[in-house]
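Q: Input: one structure, supplied below.
The values are calculated or read from the model by the stated rules, or taken from the named source; none is laboratory data. Keep in mind that this is a model prediction, so the values were computed, not measured. Cβ coordinates were reconstructed from backbone atoms using ideal geometry, including for glycine residues, and neighbour counts include every protein chain displayed.
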Amino acid sequence: MENRFSAGDFVFAKVRPSVPLIVRVYARNIYYCNIQADPTAKELVYFDRELMPYIDDQLKTNNLKMNDYEK
């Protein structure tokens, strides 16, 4: 299985869509992420299915609604 996100990509977790994350590394089918606003915070770990990509408008306004991404 290929990884969808690369190191440095902006993503968010489906369970906390208002918190932008930065992918640090992808290893053994797990993404290790840092919180964008607080890089000194504890690293967060997610599976691919738990993450969604951030788009530029969301980074500027930090306004997210999960309904925008559900099909």
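Q: Going through the range 33-46 one residue at a time, which ones are exposed (fewer than 15 other Cβ atoms within 10 Å of the Cβ), at pLDDT 95 or above and within 17 Å of residue 7 (Cβ to Cβ)?
A: Listed by number, the residues that qualify are 43, 45.
Q: On to the next question. Of the residues in the range 2-38, how many are touching a strand residue (DSSP E or B) at 6+ places or on another chain (Cβ under 8 Å) and either part of a loop (DSSP other than H, G, I, E, B) or aliphatic (A, V, I, L, M) (or both)?
A: Number satisfying all stated conditions: 19.
Q: Let me ask something additional. Say we look at the range 1-24 and pick out the residues that are surrounded by fewer than 12 Cβ atoms within 10 Å (Cβ to Cβ) and not hydroxyl-bearing (Ser, Thr, Tyr); which of these is modelled with the lowest pLDDT?
A: 1
Q: Take residue 51 and tell me if it is surrounded by 11 or more Cβ atoms within 10 Å (Cβ to Cβ) and at pLDDT 95 or above.
A: yes
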